[in-house]
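Participant: Below: one structure in structure tokens.
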């Protein structure tokens, strides 16, 4: 069984450019947007961080925490965003570990609850998240599910 490393970007700041490119490739959000958020985190301007799962030096999973994940409920903040696990690494508990890591880290900094938006209907409940409401995504015709972790 492989041993993966779970790290924050502050632990390995030299991965910033690589991480921003990786998230951009997965979600299509401009790389500059990721870099801006990551810079704020690395400069300690915010505690909203970036979390990675590594297989050796390869990023195989990750997520971030941002103010708002492109939806109309600005009062529901901060948001876990950009959760992704490489396809050939799925079903190994990586996303669950990342979610657990971010919740524990944010709680340790006095930041709770956390929110996230998703189209998934049963995945996040396994990790202590509860469906909260439907929200309108920016420029999205359909409503999206909002979850909360208290």
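Participant: Being assigned to a helix (DSSP H, G or I), more than 15 Å from the chain's Cα centre (by Cα), within 23 Å of residue 104 (Cβ to Cβ) and at pLDDT 95 or above, is that true of even one residue in region 19-35?
Facilitator: Looking through region 19-35, none of the residues is assigned to a helix (DSSP H, G or I), more than 15 Å from the chain's Cα centre (by Cα), within 23 Å of residue 104 (Cβ to Cβ) and at pLDDT 95 or above.
Participant: Give region 3-47 a look and list any residue that's more than 15 Å from residue 86 (Cα to Cα) and in contact (Cβ under 8 Å) with a residue 60 or more places away in the chain, or say none.
Facilitator: The answer is 8, 47.
Participant: For region 101-122, give me the residue count where each residue is free of Cβ contacts under 8 Å to residues at least 12 places away in the same chain and surrounded by 13 or more Cβ atoms within 10 Å (Cβ to Cβ).
Facilitator: 1
Participant: Then there's this: Name every residue in region 67-83 that is farther than 17 Å from residue 35 by Cα and touching a helix residue (DSSP H, G or I) at 6+ places or on another chain (Cβ under 8 Å), in order of residue number.
Facilitator: Passing the criteria: only 78.
Participant: While we're on this one: Is it the case that residue 134 is in contact (Cβ under 8 Å) with a residue 24 or more places away in the chain, touching a strand residue (DSSP E or B) at 6+ places or on another chain (Cβ under 9 Å) and not in a loop (DSSP other than H, G, I, E, B)?
Facilitator: Taking the combined requirement at face value, the residue does not satisfy it.
The values are calculated or read from the model by the stated rules, or taken from the named source; none is laboratory data. Note that this is a predicted model, so its numbers are computed, not measured. Note: ideal-geometry Cβ built from the backbone for every residue, glycine included; neighbour counts use all protein chains shown.
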